[in-house]
Ligand SMILES: *Cc1c(COP(=O)(O)O)cnc(C)c1O
């Protein structure tokens, strides 16, 4: 097959020469962090790009999530999905909050709003949902449950950069959304993240929390953390942003190529979006069901043998890790849809400069078992 290994993703980078002038400015100014000029500029430009007014940059997505929960003063129990990257639930444990796992929807693999109500107790204060693979949650149904029980809604939007519904960015839903700009994400700053805030007032509080709780030179108003994005990462983000539309268009082409070629392969289901108006094609998940000649893990091994490295996102479920599996809500009987998805899913390689000939070869291998 291809001579080099093909991984599930390859971090997207701009031409190095475009980044050098930014580094020269940083060297000249000696402003390396503490919300300098590039930090301000990236907040502004991301706001314009996403059509959102209040964005607080962070050092990574996990600290953004932890801080979002702090900002809303969430405590007690939070309803969440077991089908995500482990940072989603870890952000709860870091706040001393008990996760309550609720099963996912069969079609989107996002938190199933119809099952939330049964998991609510007097201790429940919030819902922490994930736009898994960048496919939007049923935000309206989630908000209805939240409103009737007076719960906050936080979205882990680590996968959902640039995704839009008919009214605009899906990041405007809920009380806060947390983004990740990690190397493997659609928009990366090496490491980085952000919180999307509904208004200027909540951004002020979040900006204080990410800066040790400082509200001025000699005033500290909260036990904040160091969540600031450095000038290096912010400058890189500015350069990345210039190339993003092209990268998204390339991802779209690869997504379409997979779909067209995998159609009709027995036992393979390509996961569809959730009706989003603008998708970001962050991942290409397929589900390998019992109609396929070999198991998901069998296919995973076959691909690896020829240098193709898909990932089993998300397997194991978060609720199966040692720090969660003792929770009553982590029981398998409570999470049948998630448990099945974790056994069937395989995320195929997708990144902007993935050659279509490799897509062709991957599909050939999948359809010839
Ligand atoms: C990547 C990711 C995170 C963590 O973001 P980092 O920037 O790596 O800290 C959180 N949740 C989900 C769903 C992710 O995919």
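Based only on Cα atoms, what Rg/Rh ratio does the range 121-204 have, Rh being taken as Kirkwood's radius?
On the Cα set of the range 121-204, Rg over Rh gives 0.99.
What distance in nm lies between label points placed 7 Å from Cα along the C-beta direction at residue 270 and residue 41?
For residue 270 paired with residue 41, the spin-label model returns 3.9 nm.
Just to check, using Stokes-Einstein with a Kirkwood Rh over alpha carbon pairs, what's the diffusion coefficient of the chain at 25 °C and 0.890 mPa s in µm²/s?
So the translational diffusion coefficient is about 115 µm²/s.
Would you calculate the convex hull of the Cα atoms in the range 88-154 and tell me its volume per residue in Å³?
84 Å³
Add -39500 (n - 2.57) for each DSSP H run of 4 or more in the chain, then divide by its residues: what number comes out at 222 nm, to the nearest 500 deg cm²/dmol?
-11000 deg cm²/dmol
Can you sort 347, 197 so the residue with the fewest Cβ neighbours within 10 Å comes first?
Sorted ascending by nearby Cβ count, the order is 347, 197.
Starting from the 7 Å offset along Cα-to-Cβ, what nm value, one decimal, do you get for the label separation of residue 18 and residue 294?
Label-label distance for residue 18 and residue 294, simple model: 4.0 nm.
May I ask you to sort 59, 80, 121, 33 by Cβ crowding, counting other Cβ atoms within 10 Å and putting the fewest first?
Result, fewest neighbours first: 121, 33, 59, 80.
Only bridges with both residues in the chain count here: give the DSSP antiparallel percent, nearest 5.
Among the beta bridges of the chain, antiparallel pairing accounts for roughly 55 percent.
On full extension of the chain, what length is gained from residue 217 through residue 253, given 0.36 nm per residue of separation minus the C-alpha to C-alpha distance?
Using 0.36 nm per residue and subtracting the Cα-Cα distance, I get 7.9 nm.
Once both labels are modelled 7 Å past Cα along the beta-carbon direction, what's the residue 260-residue 200 spacing in nm?
Label-label distance for residue 260 and residue 200, simple model: 5.0 nm.
In terms of the ratio Rg/(2.2 N^0.38 Å) built on C-alpha atoms, what value belongs to the range 244-367?
1.15
Throughout, read-outs are computed from the coordinates displayed, never taken from laboratory work. Quick caveat, the model's predicted, so the values are computed rather than measured. Because the Cβ atoms are built from the backbone with ideal geometry, glycine has one as well, and the counts that use them run over all protein chains shown.
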